[in-house]
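I have placed the structure first, in the form of structure tokens, so that the comments after it can refer back to it.
The values are calculated or read from the model by the stated rules, or taken from the named source; none is laboratory data. Please read these numbers as outputs of a predicted model, since none were measured by experiment. Quick reminder, even Gly has a Cβ in these numbers, built from the backbone with ideal geometry, and neighbours come from all protein chains shown. Ligands, DNA and RNA are excluded from the accessible area calculation, which covers all protein heavy atoms including side chains. Shrake-Rupley method; radii C 1.70, N 1.55, O 1.52, S 1.80 Å.
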Amino acid sequence: MTDRTPHKAKHKGRPRLAPVLALAVAVVLLPWEALAQDRPRSFLDMLFGGPPRNSRPSYRVYEAPPPPQRVIRKQQPRKKAPAEQQTRRSPSRTAPAAAAAAAASGPVEKSETARNVLVIGDFMAGSLAKGLDNAFADNRDIRVTSRVDGSSGLVRDDHRDWPATIGALIDETKPAAVVVMLGANDRQAIRAPDGALPLRSQEWADLYAKRAKALAEAVRDHKVPLLWVGMPAFQADRATEDMVYFNDVFRTVALMAGGEYVDIWNGFTDANGSFVSSGPDTAGQSVRLRNSDGITLTGAGQEKLAFFVEKPVTKALGLNVEDFVASLGTQQLSAKDLPTAADAALAIATPPVSFADPRLDGGDQLLGGPQQAAGGAGSPRDKLVREGVVTSAMAGRADQFNWTGRDTAVSPVTRDNAIVFRGTTSLEELRLPAPGPTAAPQPKAPAPAPAPGKAGTPDTSVVN
């Protein structure tokens, strides 16, 4: 039998490690938020409003947001307006009316004897041709023909040689005037047998002026009026300087050939002569004249460009006011509205007369010649002053007093032939006293009887 007592006595003084290790592991594994929650609030927490005890953990847990849900909405059918339904139900009724309106507002048909205006040049001349076509759209006697080559000029004669081909174009179109506008594509060197000539060098300038002169003389040899339109300013400063140089060349060759130079520079620049993209149109309204490239023209710019050329073209064709009046249709000017010369005082409408027409101030008659007999009807002034007959007022004229109930400004019949008469009450009637209520007549008091006295002696008791 073994004695175990000494063995127990041997381990009696050692502490047990198992409870200690368990406590240490529990402290380590204790959640941090539990420790944080048990922490008392410090002075800083109370001063700056820290989290109270058992409120929230000291760390934040970020959770991924839920994926967005796609919501599909069902489109409701659009309700048609009654007018739209009626239009779609009966398209055959509105189509002829729209076609008739478009035909009425369209350009008039050119006459068989209409004079042709030939426009040649580069893409700037194309804008001019469009503007002139719109300007003369209502004129039956002027037709605009465009033979424009947008990439042409006087430098690249290998692409288009205008001095050599203008004669064939004149024979083909039979123009009454030729309008030339080019130069936008000529800012480049000229190819010569000896090499390329730099832009605006002496050799380049001589050759360029020679080609421009050849074009102007080719038009003159065909006995056709020439109108050379200058170039406008461009957005680039170097390009604007070149356009100024080209315009000097064009002006010189046009005048030497007996033609006319049309200067449009001030129409597309400001007061200092600088480029502007917007400016006043033909009606004086501020509009955009140039596109974003700073070179080409907008619709309003084309209209303004044609405005500068329209009058020189009319002058070159030799047209006057009578030609324009004769070209108008019956729907534009009625013959019954044109009075005769004898009854000019009774005219309601008169035909247009040019300021250069000698008949405007009677210059078509010789001094001391027979005077034209005046009409027997007389003017409205003569009828009113001499005969006292008032001419009936026209509807819508200033002397029509329909709103007052009178037919004319001066009434021929007045009350008692009064010179001035207005209304229904005269001044004499207003001056009369207004009638008041009539009072009943009161009886007069009887006179007192005289006191007895001597005959012939006056009674002085009343006086005293």
Close pairs from the range 174-191: first within 17 Å of residue 159 (Cα to Cα), partner among the acidic types (Asp, Glu) and surrounded by fewer than 24 Cβ atoms within 10 Å (Cβ to Cβ), Cβ under 6 Å, at least 6 apart: 182/122; 184/122; 185/122; 187/242
One residue from 207, 199 being farther than 24 Å from residue 313 by Cβ, aliphatic (A, V, I, L, M) and out of contact with any strand residue (DSSP E or B) (no Cβ under 7 Å at 6 or more places or on another chain): 199
So, residue 111, is that one part of a loop (DSSP other than H, G, I, E, B), among the hydroxyl-bearing types (Ser, Thr, Tyr) and either in contact (Cβ under 8 Å) with a residue 40 or more places away in the chain or closer than 22 Å to residue 298 by Cβ (or both) or not? yes
What's the number of the only condition in (1) open to solvent by less than 20 Å² (accessible area, probe 1.4 Å); (2) within 21 Å of residue 252 (Cβ to Cβ); (3) not in a helix (DSSP H, G or I) that residue 199 fails to meet? (1)
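Residue-wise test of (1) at pLDDT 55 or above; (2) polar (S, T, N, Q); (3) over 16 Å from residue 313 (Cβ atoms).
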site: 83; (1), (2), (3): no, no, yes
site: 90; (1), (2), (3): no, yes, yes
site: 107; (1), (2), (3): yes, no, yes
site: 115; (1), (2), (3): yes, no, no
site: 126; (1), (2), (3): yes, no, yes
site: 141; (1), (2), (3): yes, no, no
The range 179-196, residues that are of a type in the set (Gly, Ala, Ser) and either under 17 Å from residue 161 (Cβ atoms) or buried (at least 19 other Cβ atoms within 10 Å of the Cβ) (or both): 183, 184, 192
Single residue of the range 123-142 satisfying the filter (of a type in the set (Asp, Glu) and assigned to a loop (DSSP other than H, G, I, E, B)) that is farthest from the chain's Cα centre (by Cα): 141
Extreme residue, surrounded by the most Cβ atoms within 10 Å (Cβ to Cβ), among residues of the range 288-312 that are over 23 Å from residue 227 (Cα atoms) and of a type in the set (D, E, K, R): 290
Taking the range 146-177 and keeping only residues that are open to solvent by less than 60 Å² (accessible area, probe 1.4 Å) and among the small types (Gly, Ala, Ser), one is left with 146, 150, 152, 153, 167, 176, 177
Given (1) modelled with pLDDT of 95 or more; (2) closer than 22 Å to residue 128 by Cα, number of the condition residue 206 does not satisfy: (2)
